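Below is one structure; the comments refer to it alone.
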Amino acid sequence: MSSRLLRRVLKEREEKRFASSDLDPEAAAIEIDEESDSPPGGSRFKNPFDLLDDQEDDQQFDVQEQAHDAGGQELVARKPANTILSSKSKKKKKKNKDESKVEKSLDSILEELSINTKPSNNQSLSENVKALGNEAHENNKNGRSSVLVIDPKYLKAENELRKIFGSKVVNSFENQHRVGSSRQMHGGRQAAYNLRKTYLASPSGFWPRWDNSMTMELLETKDGMHYFRYMYSTSYKHAQEAFEAAKAANNINAIGDILARHPYHVDALLTFAELFKYSGEHQTSAEMIEKCLYALECAWHPLFTPLHGNCQLKYSHDTNKPIFSALFSHMKNMDRRGCHRSALEVCKLLLSLDSDDPKGTLFCIDYFSLRAQEYRWLEQFVDEYGTDNSLWLLPNISYSLAVSRFYLEFGDESSINHSEKATSKDLMKQALMLHPLVLQKLVTKAPLKDSAWTQILKCSFFGSAKAGSPSLDHLINIYVERSYILWRFPELQALLQDAALLVAESLEQSSSEARDWECVRKEAFSSEKNEYSYLMVSDFSDVIPSLPPEEIRHFMVGPQLQYNLIAKHTVLTLEAKKPGTEGVGYNRRI
């Protein structure tokens, strides 16, 4: 009962007693207080809702009592000291009982999550997690975890957009998007629940509730790294089997039906994201990717802390593959929106999840660091990542290091100690000597139309340059496709031109240096096969090929696509089944 209502009841009783008898006011007030403390029958009335705000109301009531007594404006009977102490002791007993119930319930929940809350050495769960983190920090002496630690505030593109355009512009756009999404529901029921807050995605209010169709298990802890794997529920496994059959038959209708029943089926979401992208619906495609990331993050293990760079999800497990595809697509979507800092954080996350780099993150991480103006971080990354210090042999890293050093020199000359570090021009000369074919392809791709480039390409070292191995040729094509836009800046063109002229002059005097660099190149890329054939050059391009509607219809079975792909009116809403049934039921509202 609130303090205001309690005062009102006491005042009404006091007035009734004064009207019906000639008792002394002070004695009547004390009698009223005693009756309110011990109601008839000896049983104390318990309001279950009073447990929620017992402490707050008691504190407010005591403060208000003191204020009224001091001012003399209102008469409120004070309880005797022994009554107050007894009530406080009763509340403490109740509080202890409630806390014991809460602890028991938490223990039962943690037991369901397969977390050992009572280890053999009597450590608490927080101490276990802290010990795991300390172990990872001690064992990663090569510094890989330190350069791949992720700042969560940069993971979401909205934060970077607010920094670029201001909060008012971003909030206005988000409000318009929410209104448009609610109109698309055409009278559909709005969700009456709060979605989880996640690092990777910003869920919309009309998204379905997470259906717990996936979980994650800890496989092992080795050398300070914790290895995890996604696991599917029984219903999800059946949906996955149906998806594989529909995919083999190119039946988009069947995949749409799967997504209608299981709105967080990640493979179906990735499939529709690709189709939306090729049909020109980039906003809807990005939303599908975010919904996929939301589902994958909701399934994280309590000990899975990928932001610290000490967790691994090996790509060799089939259930782990969707998160790599989703993160890579999410990274490209943020790049198209101009959120290069957020794309860099996602790039770091991709690289930290699997050290084997199944998506070729190493071949675009330099681009995002340059676009995000993280020049010092790029140098630190090249110095600390890995154990053999051979990253600078990659064509993208060798050229990007020179660009990074150039902008550091250009921004603050005092921050560079020229006696200890090479200058940007020296690094650019080294990159040109190691990979001369890059210059030839950059002049064509950028394009660089100055007459000086024609003279430079007449030098046989640049004009007739060859990669020497299929792997290196493939990596050069990826770098040129990904980073050619950087070389449209006049200051970088001047740096590249000056370094190329110096290389041409030095080769006219002696060609031994060119032979030495050729030996280094052959030693670094000695394979006669393309070791990076699994990476497509188009995946690193900003150009998105579009498919006309008639081409998309070839993937459909039947005269009409039941799950409307092109229209933006498709929204999935959650409807729970009746009690006693297994799983969750969903209706599609258009």
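The values are calculated or read from the model by the stated rules, or taken from the named source; none is laboratory data. Quantities reported herein were computed from a predicted structural model and do not represent experimental measurements. FYI the Cβ positions are ideal-geometry reconstructions off the backbone, even for glycines, and counts take in every protein chain you see. For accessibility, only protein heavy atoms count, side chains too; no ligands or nucleic acids. Shrake-Rupley method; radii C 1.70, N 1.55, O 1.52, S 1.80 Å.
How many residues does the range 452-496 contain that are under 40 Å from the mean Cα position of the chain (by Cα) and assigned to a helix (DSSP H, G or I)?
26
Could you list all residues from the range 433-447 that are touching a Phe, Trp or Tyr at 6+ places or on another chain (Cβ under 7 Å) and open to solvent by less than 10 Å² (accessible area, probe 1.4 Å)?
MET433, LEU434, PRO436, VAL438, LEU439, LEU442, ALA446
Please go through the range 298-307 and give me each residue that is over 23 Å from GLU244 (Cα atoms) and either in a loop (DSSP other than H, G, I, E, B) or open to solvent by 10 Å² or more (accessible area, probe 1.4 Å) (or both), ordered by number.
The answer is CYS298, TRP300, HIS301, PRO302, LEU303, PHE304, THR305, LEU307.
Among residues belonging to the range 456-490 that are charged (D, E, K, R) and modelled with pLDDT of 95 or more, point out the one that is most open to solvent (accessible area, probe 1.4 Å).
ASP473
Only residues in the range 229-245 that are without any contact (Cβ under 8 Å) to a residue 24 or more places away in the chain count as the first member; pair them with residues that are polar (S, T, N, Q) and open to solvent by less than 40 Å² (accessible area, probe 1.4 Å), Cβ under 9 angstrom, at least 6 apart or cross-chain, and list the lot.
SER233/SER213; ALA245/ASN251
Return the pair list, or none, for Cβ contacts closer than 7 Å from residues in the range 360-388 that are polar (S, T, N, Q) to residues that are open to solvent by less than 20 Å² (accessible area, probe 1.4 Å), at least 6 apart or on different chains.
THR361/CYS347; THR361/LEU350; THR361/LEU351; SER369/LEU344; SER369/LEU378; GLN380/VAL147
Going through GLN373, GLN312 one at a time, which residue ends up being open to solvent by less than 30 Å² (accessible area, probe 1.4 Å) and not in a helix (DSSP H, G or I)?
On inspection, the qualifying residue turns out to be GLN312.
Filter the range 499-531 down to residues that are in contact with a Gly (Cβ under 8 Å, 6 or more places away or on another chain) and surrounded by 14 or more Cβ atoms within 10 Å (Cβ to Cβ), then give me how many there are.
3
Of the residues that make up the range 341-356, is at least one surrounded by 21 or more Cβ atoms within 10 Å (Cβ to Cβ), touching a residue at least 40 places away in the same chain (Cβ under 8 Å), out of contact with any Cys (no Cβ under 6 Å at 6 or more places or on another chain) and not in a helix (DSSP H, G or I)?
No, every residue in the range 341-356 fails to be surrounded by 21 or more Cβ atoms within 10 Å (Cβ to Cβ), touching a residue at least 40 places away in the same chain (Cβ under 8 Å), out of contact with any Cys (no Cβ under 6 Å at 6 or more places or on another chain) and not in a helix (DSSP H, G or I).
Any residue in the range 500-529 that's part of a helix (DSSP H, G or I): show its pairings with residues that are open to solvent by 60 Å² or more (accessible area, probe 1.4 Å) and among the charged types (D, E, K, R) at Cβ separation under 7 Å, as long as the two are six or more apart or on different chains.
From residues that are part of a helix (DSSP H, G or I), the pairs are LEU502/LYS429; VAL503/LYS429; SER506/GLU513.
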